[in-house]
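Working notes for the structure below.
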Amino acid sequence: MERPAWVPRSIDISVPSVSRIYDFYLGGSHNFEVDREAARRAMEFMPGLPKIMQANRAFMRRAVRFATEEGIDQFLDIGSGIPTFGNVHEVAARARPGARVVYVDHDPVAVAHSEAVLADHDDADVVAADLRGPREILAAPQVERLIDLNRPVALLLVAILHFVEDADDPYAVVAELSDALAPGSLLVLTHASYEHVPLPAEQAGGAVGVYKDIRNPLIMRSRDDIARFFKGYDMVEPGLVPMPRWRSEQAPEDEDPYAFSGYAGVGRKA
């Protein structure tokens, strides 16, 4: 397999990556055949996976615009993935010039491409770190330079927590990050769930099995379990709902049925 010039030497391009699979679903070009093969296998069970990822991105952009309307100009996007059209720093800067953004990801390709995209941006940077290490993230020099934790921050955990297994205590991870945020901060979150998937759970489970096979288990949680991540936050209307039902400009009945898979919500720290 030929190594593209943009790929860091440390990357094993024979192993699939969740970030690069996500990039493939969104129509990006920073993925390898091994990623595309895994994505196609998952889509054999759940053909609407690209629609789900598009709904995730659309929700993220709406939530960022909402945050700017609420006066927030600082964004910490953990599990940001490989940059594609309509990134957080682009959406935030259009709505609120001077907004500051720090991206965080543990995938070296996502980090390397983010560094290239952000090379000429003084108000945005990227950290190579894992969500499961919140102290490392908060202590990163990029965060210390751009994010004032004494003022409200929008913490984005979009399509990332369902890759954190219960053994790694994702609730404690979110709580530690939340404890560092000032009152008035926002938690922006999406999470996969079997609820509202327009397929029998057994068939959807086949797609989940693909992620298990590539050693990136996809943890499907219930709405009640997802709501627990918002402990200490007041939910912003309309609450924790399927993605197209969160302040969408498009009528829900016009959305693809797969877009309703999983949940999205925004909470305001009390």
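Read-outs throughout are calculated quantities, based only on the coordinates presented, and are distinct from any laboratory measurement. Nothing here was measured: the structure is a model prediction, and the numbers come from that model. Every residue, glycine among them, receives a Cβ derived from its backbone with ideal geometry; neighbour counts consider all protein chains shown.
Things to note:
- GNM result for the chain, Cα springs below 10 Å: residue of GLN54, GLN74, GLN203 fluctuating most strongly: GLN203
- Taking 0.36 nm per residue of sequence separation and removing the Cα-Cα distance, the ARG132/ARG145 pair yields an extension gain of 2.5 nm.
- Positive end of the dipole of the range 159-224 (Cβ unit charges, origin at the Cα centre): among VAL197, VAL164, LEU186, the Cα lying farthest that way belongs to VAL197.
- Ellipticity at 222 nm from helices only: DSSP H runs of n ≥ 4 in the chain, each -39500 (n - 2.57), divided by the residue count, give -11000 deg cm²/dmol.
- Prolate/oblate/rounded label for the range 143-270 (Cα gyration tensor, a/c 1.5): oblate
- Estimated at 0.36 nm per residue, the fully extended path between ARG94 and ALA119 surpasses their Cα-Cα distance by 7.2 nm.
- Considering only alpha-carbon pairs that sit under 8 angstrom and 6 or more positions apart, the relative contact order computed for the chain is 20 percent.
- The chain - charge dipole about Cα centre, Lys and Arg +1 at Cβ, Asp and Glu -1, debye rounded to 20: 240 debye
- Whole-Å distance, taken between Cα centres, linking the range 49-75 and the range 209-230: 21 Å
- Identified option (computed semi-axes √(5λ) of the Cα gyration tensor in Å; candidates (1) 41, 19, 14; (2) 48, 21, 16; (3) 26, 23, 17): (3)
- Dipole size of the range 134-203 about its Cα centre, with +1 on Lys/Arg Cβ and -1 on Asp/Glu Cβ: approximately 420 debye, rounded to the nearest 20.
- Given charges at Cβ of Lys, Arg, Asp, Glu: the chain dipole, positive-most of PHE230, PHE45, LEU26: PHE230
- 3J(HN,Hα) from dihedral phi, the range 151-158, Karplus parametrisation 6.51/-1.76/1.60, rounded to Hz, x for glycine, proline: 10, x, 10, 9, 9, 9, 10, 9
- Most to least packed among 117-124, 85-92 [average Cβ atoms within 10 Å]: 85-92, 117-124
- For the range 1-119, a simple Cβ point-charge model (Lys and Arg +1, Asp and Glu -1, everything else neutral) yields a dipole of about 320 debye relative to the Cα centre.
- Selected from SER114, SER29, SER80 as most flexible by GNM, with the chain as the system and alpha-carbon contacts under 10 Å: SER29
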